[in-house]
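Read through the structure below, which is laid out as structure tokens, and then see the notes.
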Amino acid sequence: EHRKQFQSGIHFFKNLLKDPEIKLHYEEEHAKTSIAAAVRAARIRAKLTQAGLARKIGTTQSVIARLESGTDKRTPSLSLLARIAAACHGVLELAFRFKKATQH
């Protein structure tokens, strides 16, 4: 019974994503969650606290905490992300990924 409900939920979700506006919002939220996880992982890898990272890039600990939570309504700027990457001894890379080839 639980499996049927799960499959039904997946079907419902896939149908929702057929709506271009809903898909765009989903992708934006997914990107924010991915950014949050990447920032946290980079900070931990660099052995920095949120406050320590904030000091290095000229912001506050609360900005880093909001960014790492993935729930901030604002999308972080590329400049902020690049500063975070540099402070964590990395570089910011941006990529577009495509699931399948498009036909012209």
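Pairs please, first residue from region 65-83 and not small (G, A, S), second anywhere and not in a loop (DSSP other than H, G, I, E, B), Cβ atoms under 6 Å, 6+ apart in sequence or on different chains.
Close Cβ pairs (under 6 Å, with a partner that is not in a loop (DSSP other than H, G, I, E, B)) amount to L67/V39; E68/A36; E68/V39; E68/R40; D72/R66; P76/L67; R83/I57.
Tell me which residues, restricted to region 54-104, are touching a Leu at 6+ places or on another chain (Cβ under 9 Å) and hydroxyl-bearing (S, T, Y).
Hit for region 54-104 is T59, nothing else.
Quick check on Q7: is it open to solvent by 70 Å² or more (accessible area, probe 1.4 Å), more than 14 Å from the chain's Cα centre (by Cα) and not hydrophobic (A, V, I, L, M, F, W, C)?
Yes; evaluated as a whole, the condition is true for this residue.
Out of the residues in region 10-39 meeting the condition of being open to solvent by less than 80 Å² (accessible area, probe 1.4 Å) and polar (S, T, N, Q), tell me which one is modelled with the lowest pLDDT.
N15
Quickly run through region 58-94 and pick out the residues that are closer than 13 Å to R43 by Cβ and open to solvent by 90 Å² or more (accessible area, probe 1.4 Å).
R83, H89
Cβ-Cβ below 9 Å, separation at least six or inter-chain, first residue in region 18-36 and over 16 Å from E68 (Cβ atoms), second open to solvent by 70 Å² or more (accessible area, probe 1.4 Å) and not in a helix (DSSP H, G or I): which pairs?
E28/T75
Within region 47-57, track down each residue that is open to solvent by 60 Å² or more (accessible area, probe 1.4 Å) and either touching a residue at least 40 places away in the same chain (Cβ under 8 Å) or of a type in the set (S, T, Y) (or both).
Once the filter is applied, which keeps residues that are open to solvent by 60 Å² or more (accessible area, probe 1.4 Å) and either touching a residue at least 40 places away in the same chain (Cβ under 8 Å) or of a type in the set (S, T, Y) (or both), region 47-57 yields only T49.
Please go through region 95-104 and give me each residue that is open to solvent by less than 100 Å² (accessible area, probe 1.4 Å) and either over 17 Å from T33 (Cβ atoms) or at pLDDT 95 or above (or both), ordered by number.
Residue satisfying the conditions is A101 alone.
With A42, A51 as the choices, which residue is modelled with pLDDT of 95 or more and over 15 Å from the mean Cα position of the chain (by Cα)?
That would be A51, the only listed residue that is modelled with pLDDT of 95 or more and over 15 Å from the mean Cα position of the chain (by Cα).
The values are calculated or read from the model by the stated rules, or taken from the named source; none is laboratory data. Computed from a predicted structure; not experimentally measured. Reconstructed Cβ throughout: ideal geometry from the backbone, glycine too, with neighbour counts over all protein chains shown. Note: accessible area is taken over every heavy atom of the protein model, side chains too, but ligands, DNA and RNA are not part of it. Shrake-Rupley method; radii C 1.70, N 1.55, O 1.52, S 1.80 Å.
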